[in-house]
Amino acid sequence: QVQLVESGGGLVQPGGSLRLACVGSGGIFRFYAMGWYRQVPGKQRELVAFINSGANTNYADSVKGRFTISRDNSKNTVYLQMTSLKPEDTAVYYCNFKLSRFEYWGQGTQVTVSS
């Protein structure tokens, strides 16, 4: 079955950088749209960044200019490069692959921005 596994989360100081990766297995994903979402306790999960099969991207206003989403179809992987991190970026980050009615989520990786 399809499985998405995230990695790269952790604790970082304000102003620092992290790179998240999400690897898909059990399928072929080059036609899938891929995205990164985040969630903090008590709030709804929100879209952070999105990349479609044509590599067109979209970002939440709060991360524009600081985060970059990319994909490597040969590795079934989507990345999120995060720079100039702020305490308000602290959340659990989830990757998402979607094509029509097929949608898959990773298990989440914690990102904590704190001094």
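For the chain, what does the relative contact order come out to in percent, with C-alpha contacts under 8 Å and a separation of six or more?
RCO, the chain: 36 percent.
Roughly how many whole Å is it from the C-alpha centroid of region 15-89 to that of region 90-106?
Rounded to whole Å, the Cα centres lie 10 Å apart.
At a 1.4 Å probe, what is the % contribution of carbon and sulfur to the accessible area of the chain?
Taking all protein chains in place, the chain shows 48 percent carbon and sulfur surface.
In Å², what does the accessible area per residue of the chain work out to with a 1.4 Å probe?
55 Å²
Give the lysines whose C-alpha is closer than 27 Å to that of Lys43, dropping any in the same chain fewer than 8 places away, or say none.
Lys64, Lys86, Lys98
Could you work out how far apart the two model spin labels at Thr112 and Ile28 are, taking each label as a point 7 Å from the Cα in the direction of the beta carbon, and quote it in nm?
Taking the simple label geometry, Thr112 and Ile28 are separated by 4.2 nm.
With r as the distance between the Cβ atoms of Lys43 and Lys64 and R0 = 22 Å, compute the FRET efficiency 1/(1 + (r/R0)^6) and round to 0.05.
Approximately 0.65, to the nearest 0.05.
Lys and Arg at +1, Asp and Glu at -1: add these up for the other residues within a Cβ distance under 14 Å of Phe97 and post the number.
Within the 14 Å Cβ shell, the charges total +2.
The values are calculated or read from the model by the stated rules, or taken from the named source; none is laboratory data. Keep in mind that this is a model prediction, so the values were computed, not measured. We place every Cβ from the backbone using ideal geometry, glycine too, and count neighbours over all the protein chains shown. The area values use the complete protein model at the heavy-atom level, side chains included, leaving out ligands, DNA and RNA. Shrake-Rupley method; radii C 1.70, N 1.55, O 1.52, S 1.80 Å.
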